[in-house]
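So the structure is just underneath, and the comments pick up after that.
The values are calculated or read from the model by the stated rules, or taken from the named source; none is laboratory data. Given the structure is predicted, the values throughout are model-derived calculations rather than measurements. Don't worry about glycine lacking a Cβ; one is built from the backbone with ideal geometry, like all the others, and counts go over all protein chains shown. Protein only, heavy atoms only, side chains kept; ligands, DNA and RNA dropped before computing areas. Shrake-Rupley method; radii C 1.70, N 1.55, O 1.52, S 1.80 Å.
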Amino acid sequence: MELSNLNQFLVDYFSANQCDIIQNNKGVLQVQLTEEMDKTLMNRPFYWHYVKNIGMKGEPMQLTLITNPNKKNEQGEWIHFGSPRLQQIFQHLKKNARYIQLFQQIQTNKNTPLYPWLLINIKISYKGTLTKEELFSIGLQLINGEMQTNMMENVKEMSLGRTISDYCYTISPLITLSSGFKRIEKAIDQYITDQQHLWAEKSIRHLHEEIQMVKQFFREEDDQTLLEKEIEALKKRYEPRIIYEVINGGIVYLKET
């Protein structure tokens, strides 16, 4: 279920924001940003303010992102789960593309039904001694309950638009959005249950070691409230936990095939 291909996620993200893909080769992605995306990602407010004041047309930058660990020392920006750049992209998605409704664009001269799919992109964070993140793209058909993983991969080649094509009509969902989301959440719960969580066991051992070390510095006559605060801070830092976070999602209406 993991959307392990971070490179493809970035290609989809920049393509959806009208950026030209200059190079995409073995984990090295070079894109030509639009003005809007330059303003969003490159932190150049003074430059854009300057060109606007003098009446010039600004020149958006090119951005080279490297997702292949074997090439992270090459010229470009090494991007990975947890990196500031990827978190910036997540925040942009959450702010500007939280929810959307799209229709598959079809050329037809006969009545054609479009079926509703709930599409959710979710980030799962495993937090403990170390932090690990995964991206999931899951689609749930809201008529028969069919579920597909890597849903973004399935729809990326389709022509999608905000208006429905001529002669097409939508099928009303039989599964509610709240029920659909609970089904997706249950599937992720099962995925997590099926894993071997050695990282969590390691975090717990490390937490216990840290607590014992802190206790050695306190005597019975010392302030026990301070000791409790120290232990609580260690738990917040090292106690293993798993967090789900919806990046964005929406309803996509697709033909039956």
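General remarks:
- Counting only protein heavy atoms and a probe of 1.4 Å, the accessible surface of the stretch 52-202 is 49% carbon and sulfur.
- Computed extension gain for Asp189 through Glu209, at 0.36 nm per residue and net of the alpha carbon distance, reaches 4.3 nm.
- Amide H within-cut-off set for Ile106, under 5 Å, with H built and near neighbours excluded: Ser165
- For the chain, built as a Gaussian network whose Cα springs stay under 10 Å, the top-fluctuating residue of Met37, Met56, Met147: Met56
- Candidates Tyr169, Tyr13, Tyr50, ranked by Gaussian network fluctuation over the chain, Cα under 10 Å, top entry: Tyr50
- Spin-label model, Glu153 to Met61: label points 7 Å out along the Cα-to-beta-carbon direction sit 3.2 nm apart.
- Surface analysis of the chain yields an accessible area of 62 Å² per residue, using protein heavy atoms and a 1.4 Å probe.
- Cα gyration tensor shape for the stretch 23-111, rounded if a/c is under 1.5, else prolate or oblate: oblate
- Between helix 84-96 and the chain: long-axis angle, C-alpha atoms, 0 to 90°, nearest 10: 50 degrees
- Charge dipole (Cα centre; +1 on Lys/Arg Cβ, -1 on Asp/Glu Cβ; no other charges) of the chain amounts to roughly 580 debye.
- Once you reduce the stretch 20-99 and the stretch 111-147 to the center of their Cα atoms, the two points are 25 Å from each other.
- For the chain: rounded, prolate or oblate by the Cα gyration tensor [a/c cutoff 1.5]: oblate
- Among Ile192, Ile21, Ile54, the largest mean-square fluctuation in a Gaussian network model of the chain (Cα springs under 10 Å) belongs to Ile54.
- Site pair Phe81 and Ile242 shows an inter-label distance of 1.2 nm when each label is modelled 7 Å from Cα along Cα→Cβ.
- Across the options Gly139, Ile247, Tyr50, the greatest Cα extent toward the positive end of the charge dipole of the chain (unit charges at beta carbon of Lys, Arg, Asp, Glu) belongs to Tyr50.
- Applying 1/(1 + (r/R0)^6) with R0 = 30 Å to the Cβ-Cβ distance of Lys94 and Glu74 gives a FRET efficiency near 0.50.
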